[in-house]
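The values are calculated or read from the model by the stated rules, or taken from the named source; none is laboratory data. Every value quoted in this text rests on a predicted model; they were computed, and no experiment measured them. Heads up, the Cβs are rebuilt from the backbone with ideal geometry, glycines too, and the neighbour counts pull from every protein chain shown. What goes into the accessible areas is simple: the full protein's heavy atoms, side chains included, and nothing from ligands, DNA or RNA. Shrake-Rupley method; radii C 1.70, N 1.55, O 1.52, S 1.80 Å.
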Amino acid sequence: MMEKRKKIMLPETEIPTKWYNVVAEMKHKPQPMINPGTKEPLKPEDLYPLFAEELARQELNETDAWIDIPEEVRDKYKIYRPTPLVRAYGLEKALDTPAHIYFKNESVSPVGSHKLNSALPQAYYNKIDGTTNLTTETGAGQWGTALSFAAKTFGLELAVYMVKISYEQKPYRRSLMQTWGAQVIASPSMSTKAGRKILTDHPTYQGSLGTAISEAIELAMQTPKCKYALGSVLNHVSLHQTIIGLEAEKQMELAGEYPDIIIACFGGGSNFSGISFPFLRHNLSGEKSTRFIAAEPASCPKLTRGHFQYDFGDETGYTPLIPMYTLGHKFAPANIHAGGLRYHGAGSIVSQLLKDKQIEAVDIDQLDSFEAGILFARTEGIVPAPESNHAIAATIREALKAKEEGTKKTILFNLSGHGLIDMSAYDQYLAGDLINYSLSDEDIKKSLEAE
Ligand SMILES: *Cc1c(COP(=O)(O)O)cnc(C)c1O
């Protein structure tokens, strides 16, 4: 009998050489993004002032299904890729389920999450474009830490506007960014017009992602050779993240199985897209009928309770208009610990796929998410990021359903990150101090109508 395999590893030579661009193979393409100034469909040139040119082209590429990964980026991916595919025998046993549960472990990256998969190519394309400085925003700090390491790797200076309340509550993410050489500024700050205005009107304002984005964009627009970078939502970010699913596809093949269900947590959609799209292409071609489930927080339910409409990607309205499932760009989510999932909208590709019923979404309460995360930690050893706990909770639901039905399902989920820098959240859960947040239809309606 063959020995049971816990981890399925690939050699470095198997790091994919191309990313997969699902848009090229979608029957219904997403509606175009709109330039709010001209009201015309967005052109790559519209994005050049903000992003490196190759990133702007990737953003709007609807024709090439495969896009080369630059050798310099592949070389840096070797620091942590390929990541392991792991069979969750411990969790299966605890649930007493006939389902086979696999997870792709993106927590092994040096920054502790999948975000480095896009930070590295974004820094690289900026470098070859002649950019010397990058700016970005960060909420809980995962994107800022990933971009800090990527910027240092490719010799760029980085300024990160970090939401003030997180700057004060998550000192270790700030320390990580500073260790990798980034300059971290609590937002709102006095260094931009947007920041000064808010601080003058509300001197004690604790900051929000919307304000931090405004500050980062303003600095990029005013500074020569300075560009802006975003860690989720946009198409080029999802494209870079497909490296997750492309590796997982090879690894599932080595395991001798094909997933019936694929699950990931959902903030702006990058890790969900990353693990899903390479498998989705076999659904689009009619060979397979895998279910894809996005797990979002019940307190920020854009996929399950939002509207499909054109909306801005940020609170201030600096970004193009994006066709998306949204709660409205003024939506202020409750202060849950899964900071990376507190975003009002979904990327345009995922939104179209949901509209076309190619994918599904579920919402998870904060307490259920932590209960799932604790069970996972106790059975598989890894303490998951609060965001990833949502994927685990959705996985557990499906595994228990399989048990009820007596069917052997193969489930693959993405472990988007570890929670070792989020232990204060676990402390609060274990002390019984966390709560669920409910959202009324009236709240959602009001937020959708806010200008
Ligand atoms: C940022 C983040 C997320 C959410 O972002 P997506 O773009 O939806 O993937 C999920 N998990 C972790 C660990 C994160 O850092």
Using helices alone, what [θ] at 222 nm do you get for the chain, with -39,500 (n - 2.57) per DSSP H run of 4 or more residues, divided over all residues and rounded to the nearest 500? -12500 deg cm²/dmol
Rounded, prolate or oblate (a/c below 1.5 giving rounded, otherwise prolate when a/b exceeds b/c) for region 370-425 by Cα gyration tensor: prolate
Protection proxy ranking, peptides 168-175, 416-423, average beta carbon neighbours within 10 Å, highest first: 416-423, 168-175
Return a whole-number percent for the relative contact order of region 85-168, with Cα pairs under 8 Å and 6 or more residues apart as the contact set. 25 percent
Eligible aspartates and glutamates near LYS4 by straight Cα distance, threshold 16 Å, same-chain separation 8 or greater: GLU92, GLU253, GLU257, GLU380
Percentage relative contact order, region 346-412, counting C-alpha pairs under 8 Å, at least six apart: 24 percent
When DSSP beta bridges are limited to those with both residues in region 80-165, what percentage is antiparallel, rounded to the nearest 5? 35 percent
The distance between the Cα centres of region 107-121 and region 160-237, in whole Å, is 20 Å
For a quick check: with amide H placed at 1.01 Å from N, whose amide H comes under 5 Å from ILE364's, ignoring anything fewer than 5 positions away on the same chain? GLU296, ALA298
Quick one: Cα centre-to-centre distance for region 359-390 and region 9-62, in angstrom? 31 Å
In terms of modelled amide H atoms, which long-range or inter-chain residues lie less than 5 Å from the amide H of ASP311? ILE322, MET324
Fraction of antiparallel bridges per DSSP, the chain only, in percent to nearest 5: 35 percent
Relative contact order for the chain: what is it in percent, counting Cα pairs under 8 Å that are at least 6 residues apart? 18 percent
Roughly speaking, what % of Cα-Cα pairs in region 287-348 are separated by over 17 Å, rounded to a whole number? 42 percent
Length added when fully stretched, LYS152-GLU14, from 0.36 nm per residue minus Cα-Cα: 47.1 nm
In order through region 3-13: 3J(HN,Hα) via Karplus (6.51 cos²θ - 1.76 cosθ + 1.60), integer Hz, x for Gly, Pro: 5, 5, 9, 7, 10, 10, 10, 10, x, 4, 5
Residue by residue through region 32-40, which ³J(HN,Hα) values in whole Hz follow from phi under the Karplus form 6.51 cos²θ - 1.76 cosθ + 1.60 (θ = phi - 60°), with glycine and proline marked x? x, 6, 10, 6, x, x, 9, 6, 9
In nm, to one decimal, how far is the modelled label at ALA450 from the one at SER175, with both set 7 Å along Cα→Cβ? 3.5 nm
Dimensionless Rg ratio for region 342-406, taking C-alpha atoms and the 2.2 N^0.38 Å reference: 1.31
Region 394-451 to region 288-326: how many Å between their Cα centroids? 16 Å
Fraction in percent of alpha-carbon pairs per bin - 5 Å, region 47-102: 4, 14, 12, 11, 13, 11, 10, 11, 10, 5, 1
Using mean Cβ contacts within 10 Å as the protection proxy, how do 142-152, 365-375 order, highest first? 142-152, 365-375
As a test of reading the structure, rank HIS236, HIS329 by solvent-accessible area (1.4 Å probe, protein chains only), most first. HIS329, HIS236
Hey, what do the phi angles of region 112-124 turn into as Karplus ³J(HN,Hα) couplings, whole Hz, using 6.51/-1.76/1.60 and θ = phi - 60°, x for Gly and Pro? x, 8, 5, 4, 5, 4, 9, 4, 4, x, 5, 5, 4
Taking region 240-371, how many lysine pairs are there with alpha carbons less than 28 Å apart, if each pair must be eight or more places apart or span two chains? 10
Does the chain come out rounded, prolate or oblate, given a ≥ b ≥ c as the square roots of the eigenvalues of its C-alpha gyration tensor, rounded meaning a/c under 1.5 and, failing that, prolate meaning a/b above b/c? rounded
Lysine pairs in region 64-172 8 or more apart or on different chains: how many have alpha carbons under 25 angstrom apart? 17
